[in-house]
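Since the structure comes first, as structure tokens, the remarks are kept for the end.
The values are calculated or read from the model by the stated rules, or taken from the named source; none is laboratory data. Model, not experiment: these values are computed from the prediction. With ideal geometry, Cβ positions are generated from the backbone for all residues, glycine too; neighbour counts draw on all protein chains shown. Note: accessible area is taken over every heavy atom of the protein model, side chains too, but ligands, DNA and RNA are not part of it. Shrake-Rupley method; radii C 1.70, N 1.55, O 1.52, S 1.80 Å.
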Amino acid sequence: ILQVKDHIESIPLQPDPDPEEESDVKIDEGDVNVRRCDSSEKPFSCPECGKTFKKKWDLKIHKVVHTGERPFSCDVCGKKFLQKAHLRSHMVVHSEERPFGCSFCGKRFKRRDILKLHMVVHTEEKPFSCDVCGERFKRQKILKEHMVVHTGDRPFSCDVCGKRFKRQKILKEHMVVHTEEKPFSCDICGKRFKLQNALKSHMVIHTEEKPFSCDVCGKRFKRQKFLKEHMVVHTEEKPFSCDICGKKFKRRLHMVVHSEERPFTCDVCGKSFKLQKILKAHMVVHTEEKLFSCDVCGKRFKLQKILKAHMVVHTGERPFICDVCGKRFKLQKILKVHMVVHTGERPFSCDICGKKFKLRMSKKKKKNLHQ
């Protein structure tokens, strides 16, 4: 670190004044100011602000501060400067030449002062501190960007949609949403994204990692937005209302009930579904996999809802009630079958004689019926 600091201190910030520039200053030999003075003496003072200088040339340069004059202009872009030395430093921005190289990492820069600023990355030094929160930074421009955190200021606005941002680089990243460009691609599946943050969020689907957990129930999620959506289950809030039926919901999924559209299709059997998650749950019927097991008896099921329905076997609970006679049932499908008792409907017929029945008859019972 000491070696880096010594290296930084050895880099001058600005070149000495150009001798050619000093030569255009006309000095009267009879002027009382033309005399040798010691190193601490500053005989030339500014009539505007009283600031004193050792050389008449330095006073001349200083005076433009009060006039606003910028006599030196760039022939390429027209930008104006107070001093010729500043113009000369500026000209490198129009060149691809990077003459100043870092002796530690080899990175090259167009200007010596930018190299000097860069050198702090090779030290632990953070010379710039925030007056509000005390956080320290290696560079002044990073401190400047940080300050908007305390002001709420959003100085950078999008010319297309008017959205405002705290930092210029965030605005730059945002601009791709107004184009078809998707510069960021997933190395695993090839899917492309407009924003690097979107790619970063996507990458978790290729891992088992679920870094975001609910403080209330402990359930874990792969993405922060999924956790945010989940949190409403722990509140009474129902932020989503249906424009068709007026019903309010905690989540946005209800609208599919008003549509006949089933955009998600099973590749195996061709069955279509309204929601992708229902298709995903359905896919297990085409495998022998039974992911959900009963904690009481160990019986395994393909779907979580079937496991849930099974659990009443162990609790004795009969949550499904007939509205006509009040009889209670453990499963909804049994209640549904029971309802034909009150309707007179006979939906089941015998394959042998055609006789109709209210309840489904087993093959064994049918066989015994015709013996």
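If I ask for residues that are of a type in the set (Lys, Arg), in a loop (DSSP other than H, G, I, E, B), modelled with pLDDT of 80 or more and farther than 27 Å from HIS314 by Cα, which ones from segment 249-296 would you list?
Those that are of a type in the set (Lys, Arg), in a loop (DSSP other than H, G, I, E, B), modelled with pLDDT of 80 or more and farther than 27 Å from HIS314 by Cα: ARG262, LYS271, LYS274.
Quick check on SER95: is it free of Cβ contacts under 8 Å to residues at least 24 places away in the same chain and not charged (D, E, K, R)?
In short, yes.
If you take the residues in segment 119-130 that are surrounded by fewer than 14 Cβ atoms within 10 Å (Cβ to Cβ) and over 28 Å from the mean Cα position of the chain (by Cα), which one is farthest from VAL149 (Cα to Cα)?
So the first thing to find is which residues in segment 119-130 are surrounded by fewer than 14 Cβ atoms within 10 Å (Cβ to Cβ), and the list is 124, 127, 129.
Among the residues that remain, those that are also over 28 Å from the mean Cα position of the chain (by Cα) are: 124, 127.
Details: GLU124: 24, PRO127: 19 Å.
Residue satisfying both the conditions and the ranking: GLU124.
Pairs under 8 Å by beta carbon, first residue within 22 Å of ALA198 (Cα to Cα) and aromatic (Phe, Trp, Tyr) in segment 212-227, partner modelled with pLDDT of 85 or more and part of a helix (DSSP H, G or I), six or more apart or different chains?
Correct list of pairs: PHE212/LEU227; PHE221/LEU227.
For LYS116, which of the numbered conditions (1) surrounded by fewer than 17 Cβ atoms within 10 Å (Cβ to Cβ); (2) within 30 Å of ASP58 (Cα to Cα); (3) among the charged types (D, E, K, R) fails to hold?
Looking at each condition in turn, LYS116 falls short on (1).
Give the residues of segment 179-203 that are at pLDDT 85 or above, touching a strand residue (DSSP E or B) at 6+ places or on another chain (Cβ under 6 Å) and within 25 Å of CYS161 (Cα to Cα), sorted by residue number.
Of everything in segment 179-203, those that are at pLDDT 85 or above, touching a strand residue (DSSP E or B) at 6+ places or on another chain (Cβ under 6 Å) and within 25 Å of CYS161 (Cα to Cα) turn out to be LYS182, PHE184, ARG192, PHE193, LEU199.
Matching residues to (1) touching a helix residue (DSSP H, G or I) at 6+ places or on another chain (Cβ under 6 Å); (2) among the β-branched types (Val, Ile, Thr):
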| position | (1), (2) |
| --- | --- |
| HIS62 | no, no |
| VAL65 | no, yes |
| ARG70 | no, no |
| ALA85 | no, no |
| SER89 | no, no |
| PHE104 | yes, no |
| LEU117 | no, no |
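Give just the number: which of (1) over 38 Å from the mean Cα position of the chain (by Cα); (2) open to solvent by 50 Å² or more (accessible area, probe 1.4 Å); (3) not hydroxyl-bearing (Ser, Thr, Tyr) does GLU96 not satisfy?
With respect to (1) over 38 Å from the mean Cα position of the chain (by Cα); (2) open to solvent by 50 Å² or more (accessible area, probe 1.4 Å); (3) not hydroxyl-bearing (Ser, Thr, Tyr), GLU96 is out only on (1).
Return yes or no: is ARG167 charged (D, E, K, R), at pLDDT 85 or above and under 18 Å from the mean Cα position of the chain (by Cα)?
no
Does segment 99-112 contain at least one residue that is buried (at least 16 other Cβ atoms within 10 Å of the Cβ), touching a residue at least 24 places away in the same chain (Cβ under 8 Å) and either at positive phi or over 34 Å from the mean Cα position of the chain (by Cα) (or both)?
yes
So is HIS314 surrounded by fewer than 14 Cβ atoms within 10 Å (Cβ to Cβ), over 51 Å from the mean Cα position of the chain (by Cα) and in a helix (DSSP H, G or I) or not?
Here the answer is no, as HIS314 does not meet what is asked.
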